[in-house]
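Visitor: The following block contains the structure, expressed as structure tokens.
The values are calculated or read from the model by the stated rules, or taken from the named source; none is laboratory data. Here the structure is a predicted model, which means the values were calculated and not measured. We place every Cβ from the backbone using ideal geometry, glycine too, and count neighbours over all the protein chains shown.
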Ligand SMILES: Cc1cc2nc3c(=O)[nH]c(=O)nc-3n(C[C@H](O)[C@H](O)[C@H](O)COP(=O)(O)OP(=O)(O)OC[C@H]3O[C@@H](n4cnc5c(N)ncnc54)[C@H](O)[C@@H]3O)c2cc1C
């Protein structure tokens with residue numbers, strides 16, 4: 001089997017890759033036939049992921065005329081438990097929990113239905129530049145590309161071909177699907193628990209629907225910052241087993257899924273010559289590891305950028321360098337930069353203060369829910385959150401001065 005050469009080769013058929021192709025075809029329908037999406041696995045393929053998708057992701061797809069109708073658990077809010085208290089906010093429908101095996105397949109079918117060639121079972125092994133083109137070596141032979149879009153996630157081959165390392169903000173994640181237990185909270189909420197100081201992260205319990213059964217996806221997220229990159233992280237398998245036993249679930253009867261995640265680094269390179277990175281190949285939210293809606297938003301930006309650049313016939317060596325500026329100026333990058341700053345607060349010396357703040361300020365969770373859902377901001381609540389934050393910081397400073 002050989003792969004037909006295409007001008008635009010998208011490596012990876014997860015949400016970033018298929019949305020890039022969909023957004024490109026939406027902005028410049030004439031370019032749809034110049035794209036091929038290469039996916040190394042065969043659909044329907046599993047992707048370790050809890051599947052919580054904010055309304056933002058569905059709204060972005062809706063703007064492209066795409067609706068992904070797959071079994072989902074609806075989400076109305078968030079509940080939080082920390083070492084210094086608990087809180088919850090439930091503003092109404094803010095998103096859903098999907099299974100990636102179904103969601104990504106449906107997204108790939110949506111792309112194919114618009115004339116985009118999606119080739120599954122074709123893995124990219126290497127890339128090299130050759131006389132103004134990129135030669136893409138795949139498991140099904142070689143093809144020549146004018147541009148290559150790296151949407152190949154955390155282990156990105158495209159990223160490696162650009163000489164970039166794995167990134168400084170890496171997370172380890174482990175999850176398992178179980179039956180609900182009596183101690184579970186409201187099923188319509190995404191539940192986060194950051195009380196365990198052995199992880200720089202949190203435990204979660206999210207509703208999920210697996211083969212028509214209402215189950216709970218439970219997992220642990222641990223962020224390895226540059227400071228502790230050299231040290232062994234906690235044994236997440238043992239910590240998850242301990243948590244499951246605490247809920248009365250026998251861990252031996254559960255099948256763990258493990259994976260890594262890559263956090264966004266504002267100064268990191270995202271384009272080089274005729275290659276660019278999109279979605280988790282570039283980096284996603286390091287605070288929570290949320291990446292589906294981010295991958296979709298990255299894809300929308302990338303598709304529009306490629307339509308502008310290639311549609312004008314302006315591409316040439318280095319033309320994709322503009323991608324760096326497009327991302328830097330985007331809403332997505334502003335959001336991710338804010339989350340990088342919050343990361344220092346959540347997992348640094350202020351962790352207990354932040355937990356106390358969240359427990360005392362349900363408005364903060366409410367604002368977070370609206371952000372997840374891409375709902376209009378409730379400025380009165382934003383003001384309330386800002387007021388509480390200023391009061392807390394001022395009180396902490398006064399206490400520190402008095403303690404001198
Ligand atoms: C355990 C876990 C739980 C998570 N839970 C959530 C959650 O609840 N909500 C949320 O928003 N995010 C969550 N995330 C993050 C989310 O899964 C990712 O950020 C998101 O999938 C990124 O999308 P992507 O398209 O960039 O990459 P991916 O979804 O990783 O897609 C990359 C695709 O590229 C393919 N590929 C890789 N290499 C090659 C190659 N060489 N050739 C061809 N194809 C290739 C892969 O097979 C894959 O299909 C979670 C992550 C983990 C690990």
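Visitor: Could you go through region 104-115 and let me know if any residue there is free of Cβ contacts under 8 Å to residues at least 60 places away in the same chain, surrounded by fewer than 21 Cβ atoms within 10 Å (Cβ to Cβ) and in contact with a strand residue (DSSP E or B) (Cβ under 7 Å, 6 or more places away or on another chain).
Guide: Yes, region 104-115 contains at least one residue that is free of Cβ contacts under 8 Å to residues at least 60 places away in the same chain, surrounded by fewer than 21 Cβ atoms within 10 Å (Cβ to Cβ) and in contact with a strand residue (DSSP E or B) (Cβ under 7 Å, 6 or more places away or on another chain).
Visitor: What number of residues within region 48-76 are within 15 Å of residue 204 (Cα to Cα) and either more than 15 Å from the ligand (Cβ to nearest atom) or part of a loop (DSSP other than H, G, I, E, B) (or both)?
Guide: Residues that pass the stated criteria total 4.
Visitor: Determine which member of the set 279, 219, 246, 289 is at negative phi, under 21 Å from the mean Cα position of the chain (by Cα) and either buried (at least 17 other Cβ atoms within 10 Å of the Cβ) or at pLDDT 95 or above (or both).
Guide: Only one candidate passes the filter, namely 219.
Visitor: Another question about this same structure. Hey, does region 128-137 have a residue that's over 25 Å from the mean Cα position of the chain (by Cα), in contact (Cβ under 8 Å) with a residue 12 or more places away in the chain and within 11 Å of the ligand (Cβ to nearest atom)?
Guide: So far as region 128-137 goes, yes, one or more of its residues are over 25 Å from the mean Cα position of the chain (by Cα), in contact (Cβ under 8 Å) with a residue 12 or more places away in the chain and within 11 Å of the ligand (Cβ to nearest atom).
Visitor: Let me ask something else. If you scan region 58-103, which residues turn out to be within 19 Å of residue 374 (Cα to Cα) and surrounded by fewer than 17 Cβ atoms within 10 Å (Cβ to Cβ)?
Guide: Once the filter is applied, which keeps residues that are within 19 Å of residue 374 (Cα to Cα) and surrounded by fewer than 17 Cβ atoms within 10 Å (Cβ to Cβ), region 58-103 yields 59, 62, 63, 65, 67, 74, 92, 93.
Visitor: Give the residue, chosen from 245, 308, 304, that is assigned by TED's automatic domain parsing to the domain that holds residue 174 and either in contact with a helix residue (DSSP H, G or I) (Cβ under 9 Å, 6 or more places away or on another chain) or assigned to a loop (DSSP other than H, G, I, E, B) (or both).
Guide: Only one candidate passes the filter, namely 245.
Visitor: Also: Residues in region 179-186: is at least one near the ligand (Cβ under 9 Å from one of its atoms) and in contact with a strand residue (DSSP E or B) (Cβ under 6 Å, 6 or more places away or on another chain)? Please lay out each step first, then the result.
Guide: Of region 179-186, the ones near the ligand (Cβ under 9 Å from one of its atoms) are none.
No, there is no match, as no residue in region 179-186 is near the ligand (Cβ under 9 Å from one of its atoms) and in contact with a strand residue (DSSP E or B) (Cβ under 6 Å, 6 or more places away or on another chain).
Visitor: Here's something else I'd like to know. Restricting attention to region 35-44, and to residues there that are within 12 Å of the ligand (Cβ to nearest atom) and over 20 Å from residue 294 (Cα atoms), which single residue is surrounded by the most Cβ atoms within 10 Å (Cβ to Cβ)?
Guide: 38
Visitor: Could you say which residue among 147, 158 is crowded, with 18+ Cβ neighbours inside 10 Å, in the same structural domain as residue 30 (by TED's automatic domain parsing) and under 26 Å from residue 260 (Cβ atoms)?
Guide: After ruling out the rest, the residue left standing is 158.
Visitor: In the same structural domain as residue 39 (by TED's automatic domain parsing) and either out of contact with any helix residue (DSSP H, G or I) (no Cβ under 8 Å at 6 or more places or on another chain) or free of Cβ contacts under 8 Å to residues at least 60 places away in the same chain (or both): does that describe residue 153?
Guide: Here the answer is no, as residue 153 does not meet what is asked.
Visitor: Right, something else. Can you tell me which residue is nearest to the ligand (Cβ to nearest atom) among those in region 90-123 that are part of a strand (DSSP E or B) and within 22 Å of the chain's Cα centre (by Cα)?
Guide: Step by step, filter region 90-123, then rank; the result is 97.
Visitor: Please state which one of 32, 21, 25, 16 is closer than 18 Å to residue 297 by Cβ, outside any loop (DSSP other than H, G, I, E, B), touching a helix residue (DSSP H, G or I) at 6+ places or on another chain (Cβ under 9 Å) and away from the ligand (no atom under 15 Å from the Cβ).
Guide: 25
Visitor: Which residue pairs have Cβ atoms closer than 6 Å, lie 6 or more positions apart in sequence or on different chains, and pair a first residue in region 327-341 that is part of a helix (DSSP H, G or I) with a second residue that is surrounded by fewer than 18 Cβ atoms within 10 Å (Cβ to Cβ)?
Guide: 337/266
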